[in-house]
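Step one of this worksheet: look at the structure below.
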């Protein structure tokens, strides 16, 4: 990845973190609808309440990142690493998560996955979505047998109003 692109992402992340820490009084919320950040290194980043709807995040590394309450509707996370990330209250409606690594992700049951594509995703035991609304979700092969028992109710959430535990 080019050095100026890395600087740009680091600058965005720092401004977003200030925005979170000051409750919007300083810094700036990440609102990059439809942007291209494919292959980005966001390990351990705090992206709570960011808006990355429709963004190209293919192959990005979000290991240990906090994406609580983040809007990722229609985002392309194909091949991304989300291991140990926090997704409580995140919205991934119509998200493309094919071939993602999802081992030890927190908050999957409260994230919104309606019509998302998780085919080929790895690291799921099939119980992480207990109680979640999986209407229209395309699950990995290993989860198909339990999908029917996991579509019981929609997750309760208010967009943009989720606490960020790492802030």
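For region 67-93, what are the residues that are free of Cβ contacts under 8 Å to residues at least 60 places away in the same chain and outside any loop (DSSP other than H, G, I, E, B)?
76, 81
Please go through (1) over 21 Å from residue 115 (Cα atoms); (2) surrounded by fewer than 24 Cβ atoms within 10 Å (Cβ to Cβ) for residue 56 and return the number of the only condition it doesn't satisfy.
(1)
Taking residue 85 as the residue in question, decide whether it is under 24 Å from residue 116 (Cβ atoms), buried (at least 24 other Cβ atoms within 10 Å of the Cβ), in contact with a helix residue (DSSP H, G or I) (Cβ under 8 Å, 6 or more places away or on another chain) and at pLDDT 95 or above.
No.
Select, from 34, 64, the only residue that is touching a strand residue (DSSP E or B) at 6+ places or on another chain (Cβ under 9 Å), over 20 Å from residue 116 (Cβ atoms) and assigned to a loop (DSSP other than H, G, I, E, B).
64
Just to be sure I understand, how many residues within region 42-61 are assigned to a strand (DSSP E or B) and touching a helix residue (DSSP H, G or I) at 6+ places or on another chain (Cβ under 7 Å)?
Number of matching residues: 1.
Can you name the number of the only condition in (1) free of Cβ contacts under 8 Å to residues at least 40 places away in the same chain; (2) in contact with a strand residue (DSSP E or B) (Cβ under 8 Å, 6 or more places away or on another chain); (3) closer than 22 Å to residue 136 by Cβ that residue 113 fails?
(2)
Residues 119, 29, 18: which one is outside any loop (DSSP other than H, G, I, E, B) and either touching a strand residue (DSSP E or B) at 6+ places or on another chain (Cβ under 8 Å) or farther than 20 Å from residue 137 by Cβ (or both)?
Step by step, each of 119, 29, 18 is checked, and only 18 is outside any loop (DSSP other than H, G, I, E, B) and either touching a strand residue (DSSP E or B) at 6+ places or on another chain (Cβ under 8 Å) or farther than 20 Å from residue 137 by Cβ (or both).
Of the residues 108, 118, 97, which single one is closer than 25 Å to residue 20 by Cα and under 13 Å from the mean Cα position of the chain (by Cα)?
108
The values are calculated or read from the model by the stated rules, or taken from the named source; none is laboratory data. Please read these numbers as outputs of a predicted model, since none were measured by experiment. Neighbour counts run over all protein chains shown; Cβ positions are idealised from the backbone, glycine included.
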